[in-house]
Amino acid sequence: MSSHDVMPDMDLYQPVQVEDAISLAARLGDRAWLLGGGQDTYGWLKDRAKTTEALIDLNGIESLRGVRETEDGIEIGALTTLTEIATNPLINENYSLLSQAAGRVASLQIRNIGTLGGNVSQDVRCWYYRRGLDCYRAGGNLCYADTPEGMNREHALFGASRCVAVNPSDTAPALVALEASMVINGDEGERILAAEDYFVGPAIDIESTTALREGEILTAVRIPSTWANATFYFEKVADRNVWDFALVSMAVAMKVSGNTIEDSRFVCGAVECKPRRLLEIEAAVNGRSHDGASAESIAATASAGARSLAHNQYKMPLMNNLVKRAIESV
Amino acid sequence: MNPKITRRRFIKGVIYSAAAAVPGAGYYVATAASSRPAGAVERLISINVNGRTRRVDVLPQETLTHTLRYRLNLTGTKLACNRGECGACTVMINDVANYSCSVLTQQVKGKQITTVEGLRAADGTLHPVQQAFIEELSPQCGFCTPGQVVSAAALLIANPNPTREEARQGLSGNLCRCGAYDHYLNGVMRAAELIA
């Protein structure tokens with residue numbers, strides 16, 4: 001693949017008010033590209049696999065940065081960097097599930113500039129698609145990964161519809177586990193979506209991993225106090241400790257009293273094009289205390305219903321074992 | 001390939017523009033060129049590099065690596081992978097390590113950039129990290145060294161007395177193809193002693 005030192009010519013807008021960014025986004029529509037930390041963006045543009053006429057750089061908008069306490073939890077500006085989230089005392093104290101997840105993203109330098117909004121809105125990492133091939137997700141008529149010779153070790157076990165790519169975000173499963181909601185602003189005002197509904201699979205929209213519509217901007221993420229100071233379990237399994245995307249990740253929030261798990265949310269990352277809630281595991285776990293044997297038998301059903309591809313069967317026992325570890329961590 | 005003209009959008013475009021009978025691909029280009037709004041960034045900007053304000057003519061989409069190396073001749077910052085995966089281009093922006101290949105120069109207006117050239121003192125005394133890397137023979141081939149030096153210097157600003165594990169974390173965003181990682185870590189630990 002040819003890569004270029006320099007990106008092709010494009011316009012750059014640097015609004016400092018969120019209203020200006022929204023009106024720019026509405027005016028330019030699909031001719032513009034919203035720029036957060038840019039760690040997903042620049043690769044597309046340097047490779048010429050995607051192009052845009054204009055970048056709308058959101059980094060100058062101070063109101064989109066920082067972590068604030070609200071009446072019922074916290075609100076995190078979409079432009080807050082992953083390093084800030086990993087080290088913020090408010091998040092570390094009450095929602096350490098999110099700080100752990102943010103701290104495992106990519107590398108130190110990328111976390112220093114990569115934003116929460118960008119991390120949850122990033123595109124999939126299927127290399128056929130990234131290479132600029134004309135696959136379903138790119139508007140074409142076939143999938144290169146789901147073929148007898150396709151390289152699909154990182155791809156989906158669930159929810160595939162033509163496209164078999166997974167959502168690569170590390171913070172997404174943590175936000176779903178914490179019952180976060182996403183604040184979205186557009187020309188027609190503000191709307192708020194549950195994190196669970198923010199991420200969409202290819203059956204709903206094959207060209208986007210999120211429910212963001214053209215011209216809309218994710219401005220903040222709200223985390224309710226529902227799971228504040230709960231018992232958390234986060235684990236990301238990847239080939240390398242730095243830079244790499246998850247093969248499978250597990251974000252779990254549990255309310256524990258004594259030895260009993262009263263309530264829980266189990267969310268698995270990198271097995272579907274959106275974070276996968278494990279409702280059956282939650283139902284089996286809740287209201288009971290667990291020993292090694294019961295954890296093992298419940299966890300064995302975590303990957304039930306998976307439709308594996310040629311090279312990703314290993315993700316099934318990996319999912320099961322991460323669930324087992326989460327239950328045993330109590 | 002231009003995804004703005006994917007097969008699906010192309011068909012939509014042809015349907016929408018059928019009445020005007022404009023050839024498909026030209027439809028998009030013409031629309032784009034004729035209605036592009038004005039008001040983008042200025043090209044002639046000032047940036048602060050190693051304590052000096054520099055006037056420089058910068059493209060909107062230009063990365064900081066490009067500006068440093070090819071406009072300001074600061075070639076200590078290396079361009080290797082050009083996609084935020086190796087760390088050879090690491091510089092400090094307001095004392096925080098960043099990949100300069102993955103930052104637009106237009107985004108660092110009003111911020112302090114420190115490259116490897118800006119670490120030594122005015123009288124030429126090497127930065128403790130540079131001195132320690134020499135004493136510990138940290139580099140092997142040396143190509144990744146400027147990035148390692150800047151990452152180590154940024155780490156010691158945030159954490160002047162790191163454990164070896166913290167140093168490992170601090171340098172984890174910098175690849176070394178020679179595999180001289182332990183030698184670099186020895187250098188960071190010695191640099192922390194020199195600073196203390």
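Can you tell me which residue within segment B:47-85, out of those that are basic (K, R) and more than 14 Å from the chain's Cα centre (by Cα), is nearest to A:D47 (Cα to Cα)?
Among those that are basic (K, R) and more than 14 Å from the chain's Cα centre (by Cα), it is B:R71.
Since A:T219 meets every condition but one in (1) touching a residue at least 40 places away in the same chain (Cβ under 8 Å); (2) surrounded by fewer than 18 Cβ atoms within 10 Å (Cβ to Cβ), which condition does it not meet?
(2)
Restricted to segment A:71-90, and to residues that are out of contact with any strand residue (DSSP E or B) (no Cβ under 7 Å at 6 or more places or on another chain) and not aliphatic (A, V, I, L, M), which residue is surrounded by the fewest Cβ atoms within 10 Å (Cβ to Cβ)?
A:E71
Quick grid of which residues meet (1) assigned to a loop (DSSP other than H, G, I, E, B); (2) farther than 20 Å from A:A228 by Cα; (3) modelled with pLDDT of 95 or more:
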{"residue": "A:A174", "(1), (2), (3)": "no, no, yes"}
{"residue": "A:N185", "(1), (2), (3)": "no, yes, yes"}
{"residue": "A:R191", "(1), (2), (3)": "no, yes, yes"}
{"residue": "A:G201", "(1), (2), (3)": "yes, yes, yes"}
{"residue": "A:D205", "(1), (2), (3)": "yes, yes, yes"}
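Mind listing whichever residues of segment A:287-318 are crowded, with 17+ Cβ neighbours inside 10 Å, free of Cβ contacts under 8 Å to residues at least 40 places away in the same chain and either in contact with a Pro (Cβ under 9 Å, 6 or more places away or on another chain) or not in a helix (DSSP H, G or I) (or both)?
A:A302
Based on this model, can you work out whether A:V285 counts as modelled with pLDDT under 95 and among the hydrophobic types (A, V, I, L, M, F, W, C)? If you could, list the steps in order and put the result at the bottom.
Details: modelled with pLDDT under 95: no; among the hydrophobic types (A, V, I, L, M, F, W, C): yes.
Answer is no for this residue.
Small (G, A, S), part of a helix (DSSP H, G or I) and surrounded by fewer than 18 Cβ atoms within 10 Å (Cβ to Cβ): which single residue out of A:G43, A:G29 fits that description?
Details: A:G43 fails: surrounded by fewer than 18 Cβ atoms within 10 Å (Cβ to Cβ).
Result: A:G29 is the single residue among A:G43, A:G29 that is small (G, A, S), part of a helix (DSSP H, G or I) and surrounded by fewer than 18 Cβ atoms within 10 Å (Cβ to Cβ).
Return the pair list, or none, for Cβ contacts closer than 7 Å from residues in segment B:87-115 that are within 17 Å of B:Y70 (Cβ to Cβ) and within 8 Å of another protein chain (Cβ to nearest Cβ) to residues that are buried (at least 22 other Cβ atoms within 10 Å of the Cβ) and among the aromatic types (F, W, Y), at least 6 apart or on different chains.
B:S102/A:Y42
Filter segment A:88-131 down to residues that are at pLDDT 95 or above, part of a loop (DSSP other than H, G, I, E, B) and not aliphatic (A, V, I, L, M), then give me how many there are.
9
For the condition in contact (Cβ under 8 Å) with a residue 24 or more places away in the chain, farther than 30 Å from A:R125 by Cα and surrounded by 16 or more Cβ atoms within 10 Å (Cβ to Cβ), what is the one hit in A:T226, A:T231?
A:T231
Conditions tested, residue by residue: (1) buried (at least 21 other Cβ atoms within 10 Å of the Cβ); (2) assigned by TED's automatic domain parsing to the domain that holds B:E62; (3) modelled with pLDDT of 95 or more.
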position: B:C86; (1), (2), (3): yes, yes, yes
position: B:T105; (1), (2), (3): yes, yes, yes
position: B:K111; (1), (2), (3): no, yes, yes
position: B:S151; (1), (2), (3): yes, no, yes
position: B:A158; (1), (2), (3): no, no, yes
position: B:R168; (1), (2), (3): no, no, yes
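Determine which member of the set A:R48, A:R68 is more than 7 Å from chain B (Cβ to nearest Cβ), touching a residue at least 40 places away in the same chain (Cβ under 8 Å), more than 21 Å from A:P168 (Cβ to Cβ) and basic (K, R). Write out each step before concluding.
On the way: A:R68 fails: touching a residue at least 40 places away in the same chain (Cβ under 8 Å).
Just a single option satisfies the conditions, and that option is A:R48.
What number of residues in segment A:131-145 are more than 10 Å from chain B (Cβ to nearest Cβ), surrounded by fewer than 21 Cβ atoms within 10 Å (Cβ to Cβ) and in contact (Cβ under 8 Å) with a residue 24 or more places away in the chain?
The qualifying residues number 0.
What about B:L72, is it in the same structural domain as B:L185 (by TED's automatic domain parsing) and surrounded by fewer than 22 Cβ atoms within 10 Å (Cβ to Cβ)?
Considered against the rule, which asks whether it is in the same structural domain as B:L185 (by TED's automatic domain parsing) and surrounded by fewer than 22 Cβ atoms within 10 Å (Cβ to Cβ), B:L72 comes out as no.
Which is surrounded by 24 or more Cβ atoms within 10 Å (Cβ to Cβ), in contact with a strand residue (DSSP E or B) (Cβ under 7 Å, 6 or more places away or on another chain), among the small types (G, A, S) and within 25 Å of A:G66 (Cα to Cα), of A:A180, A:A211?
Selected residue: A:A180, the only one of A:A180, A:A211 that is surrounded by 24 or more Cβ atoms within 10 Å (Cβ to Cβ), in contact with a strand residue (DSSP E or B) (Cβ under 7 Å, 6 or more places away or on another chain), among the small types (G, A, S) and within 25 Å of A:G66 (Cα to Cα).
Residue check: is B:A132 more than 24 Å from B:E85 (Cβ to Cβ) and not in a loop (DSSP other than H, G, I, E, B)?
yes
Is it the case that A:M250 is closer than 16 Å to A:Y233 by Cα and part of a strand (DSSP E or B)?
Working: closer than 16 Å to A:Y233 by Cα: yes; part of a strand (DSSP E or B): yes.
Yes, satisfied.
Would a scan of segment A:91-104 turn up a residue that is more than 18 Å from A:V221 (Cα to Cα) and either in the same structural domain as A:V200 (by TED's automatic domain parsing) or surrounded by 21 or more Cβ atoms within 10 Å (Cβ to Cβ) (or both)?
Step one: filter segment A:91-104 for residues more than 18 Å from A:V221 (Cα to Cα), giving A:104.
Retained after the next criterion (residues that are either in the same structural domain as A:V200 (by TED's automatic domain parsing) or surrounded by 21 or more Cβ atoms within 10 Å (Cβ to Cβ) (or both)): A:104.
Within segment A:91-104 (the criterion being more than 18 Å from A:V221 (Cα to Cα) and either in the same structural domain as A:V200 (by TED's automatic domain parsing) or surrounded by 21 or more Cβ atoms within 10 Å (Cβ to Cβ) (or both)), the answer is yes, since at least one residue qualifies.
When residues of segment B:141-196 are filtered for being closer than 17 Å to B:A80 by Cβ and aliphatic (A, V, I, L, M), how many remain?
5
The values are calculated or read from the model by the stated rules, or taken from the named source; none is laboratory data. Only a predicted model underlies this, so the values are computations on that prediction, with no experimental measurement involved. Don't worry about glycine lacking a Cβ; one is built from the backbone with ideal geometry, like all the others, and counts go over all protein chains shown.
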